[in-house]
Amino acid sequence: MTPLRYTGLRVAIVGLGPSGAYAAAHLLSNAELDVRVDAFERLPTPWGLVRAGVAPDHPNIKSVTRVYENTADHPHFTYFGNVHLGRDLSREDLLARYHAVIYAVGTPGDRPLGIAGEHLPGSVSASSLVAWYNGHPDHRDDAFNLRCRRAVVIGNGNVAVDVARMLTLSPADLARTDMADHAVAALSASRIEEVVVVGRRGPEQAAFTHPELRELGQLAGVEIDVDPAEVVVPPAHRELAPGKITQRNLALLQQYAARPRPDRSRRIALRFLLSPTRIIGEDRVQAVELVRNRLARDDAGSLRAEPTSERAALAAGLIVRAIGYRGEPIPGLPYDERRGIIANTDGRILSASGGPGREYVVGWAKRGPSGVIGTNKKCALQTVRALLQDMVAGRLSVPIHREPAIEPLLRSRGAQPVALAGWRTLDLFEQARGRAAKRPRAKLTRVGDMLGVIEAQRRLSA
Ligand code: NAP
């Protein structure tokens, strides 16, 4: 086997969510490599969607950050938080200082429904609602209509289920989570009594996973409403054998449909074979018009939703579209408009000339918003292998600068980078604030406050 040793390989990772952390881990754990990894994160806080996307009532999923923290402790790893690509650093700056650059920037945008009324106040994306309740600084001051009786969530994935749960958790349950304080306060005072989750296809085609569906049925004080007629699979669809998971989901939905419904203060209704056709309202959302679908097989043999002529309006004050996320273009990098990702082959980003370059991509920015957190580990390995193959083949040209000297460069541009020690200060501070209220952590949600805490600690220890 060709020895991998490459003296002084320098890799920049842009974005330190799960996929960036796994890419760093794959590089740093390779005993045959002499590598330094610098990670640049837009926020002072790392771990991307584990902090700002995973539901606040799922602390076990968040414990994966322990693995990332170990990677961050590697002596050849350096963290630069609060650094914006495009503001504090350019792509060219990175290419001039590193042999390779890995983009781990996720898919911060959301897919539009493309229907009339979608931009009325009260019609929001799940990405903004999730970021708001998880305390992402960009969404700190967002406001959502929680004074209405009914919210409608469009989509049948795990994000839709997360949103339905967060909109119906009791104040006592919310208060036990690491949800941002502003969201705990707003959701505790919410008047929403019913959340209708709308899937365009049938229960067997729903994308949510079984544990998430089961969890819905276990929420204290929340009734689950499933129409028995919607969870009967027509014989015509049986021939397309459903997978094990969808069969389990169907069986559980049938149980929900059959179980007696105690009169509870909050309700989640799961509706299928319905698509929104327009959002109704003059200056804010008042209702959504839904069309009844039937399933039809397309040329590829998959079951697609086909609208019938049956339409009805459902009154609601909040419409959340949870129909998938989309990446955003990065100037200079090729973008796959259709899939909403950075155009790549197995993680290699093609250069402007169409040939292989020194830039790579991992995670949702590479393959689209799918899979669970662990999926990013395998995904990052594929990209890191491609990078190392390019290195061995001599395709990584030597950067112009002998040393990255990032810190002085950032300071000269007026940036305030946050080092790993700064993040650790924040982490301990948030955990201590949380402990006082018997919560896993109480997050800081403004960048200025985060920088203030780090600076105060620095002065104390100086
Ligand atoms: P998703 O799993 O891809 O689900 C998207 C849903 O939106 C599907 O039901 C899809 O229906 C529907 N949809 C798409 N376009 C639509 C349209 N125009 N009109 C109506 N419905 C439409 O995406 P996601 O929920 O955003 O989740 C993203 C990833 O994160 C998934 O892999 C998910 O499992 C993961 N995640 C996991 C957890 C967890 O493990 N607890 C929590 C949150 C997210 P069709 O199937 O008909 O296209």
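Observations on the model:
- Residue within segment 394-406 that is surrounded by fewer than 21 Cβ atoms within 10 Å (Cβ to Cβ) and either modelled with pLDDT of 95 or more or among the basic types (Lys, Arg) (or both) present: yes
- Flag for residue 431 being modelled with pLDDT of 95 or more and closer than 19 Å to residue 180 by Cβ: yes
- Set 261, 284, 248: member being of a type in the set (Lys, Arg), in a helix (DSSP H, G or I) and either more than 16 Å from the ligand (Cβ to nearest atom) or surrounded by fewer than 20 Cβ atoms within 10 Å (Cβ to Cβ) (or both): 248
- Looking across segment 66-86, the residues that are within 20 Å of residue 137 (Cβ to Cβ) and surrounded by fewer than 19 Cβ atoms within 10 Å (Cβ to Cβ) come down to 84, 86.
- Matching residues, segment 295-308, being in contact (Cβ under 8 Å) with a residue 12 or more places away in the chain and away from the ligand (no atom under 13 Å from the Cβ): 297, 301, 308
- The listed residue being more than 16 Å from the ligand (Cβ to nearest atom), assigned to a helix (DSSP H, G or I) and of a type in the set (A, V, I, L, M, F, W, C), out of 160, 164, 172: 172
- Odd one out for residue 389 among (1) without any contact (Cβ under 8 Å) to a residue 40 or more places away in the chain; (2) part of a strand (DSSP E or B); (3) more than 16 Å from the ligand (Cβ to nearest atom): (2)
- Subset of segment 121-144 that is in a helix (DSSP H, G or I) and touching a strand residue (DSSP E or B) at 6+ places or on another chain (Cβ under 7 Å) - its residue that is nearest to the ligand (Cβ to nearest atom): 126
- Scanning segment 325-339 for residues that are under 17 Å from residue 199 (Cα atoms) and either away from the ligand (no atom under 12 Å from the Cβ) or in contact with a strand residue (DSSP E or B) (Cβ under 6 Å, 6 or more places away or on another chain) (or both) turns up at least one hit.
- Applying the criterion of being of a type in the set (A, V, I, L, M) and under 15 Å from residue 149 (Cα atoms) to the residues of segment 185-208, the residue that is nearest to the ligand (Cβ to nearest atom) is 197.
- Search result, residues across segment 335-354 that are in a loop (DSSP other than H, G, I, E, B) and either in contact with a Gly (Cβ under 9 Å, 6 or more places away or on another chain) or over 16 Å from residue 101 (Cα atoms) (or both): 337, 338, 339, 340, 351, 352, 353, 354
- Qualifying position, being in contact with a Ser or Thr (Cβ under 9 Å, 6 or more places away or on another chain), under 30 Å from residue 448 (Cβ atoms), assigned to a helix (DSSP H, G or I) and basic (Lys, Arg), among 51, 66, 147: 51
- Within segment 209-222, considering residues that are outside any helix (DSSP H, G or I) and touching a strand residue (DSSP E or B) at 6+ places or on another chain (Cβ under 9 Å), the one farthest from the ligand (Cβ to nearest atom): 221
- Any hit, segment 348-360, residues being more than 16 Å from the ligand (Cβ to nearest atom), surrounded by 15 or more Cβ atoms within 10 Å (Cβ to Cβ) and closer than 30 Å to residue 147 by Cβ: no
- Only residues that are surrounded by 20 or more Cβ atoms within 10 Å (Cβ to Cβ), more than 22 Å from the chain's Cα centre (by Cα) and small (Gly, Ala, Ser) were counted in segment 170-224, giving 2.
- Residue count for segment 355-380, restricted to those that are free of Cβ contacts under 8 Å to residues at least 40 places away in the same chain, of a type outside the set (Lys, Arg) and outside any loop (DSSP other than H, G, I, E, B): 3.
The values are calculated or read from the model by the stated rules, or taken from the named source; none is laboratory data. What you are looking at is a predicted structure, and each value in this text was computed from that prediction instead of being measured. All Cβ positions, even for glycine, are placed from backbone atoms using ideal geometry, and neighbour counts span all protein chains on display.
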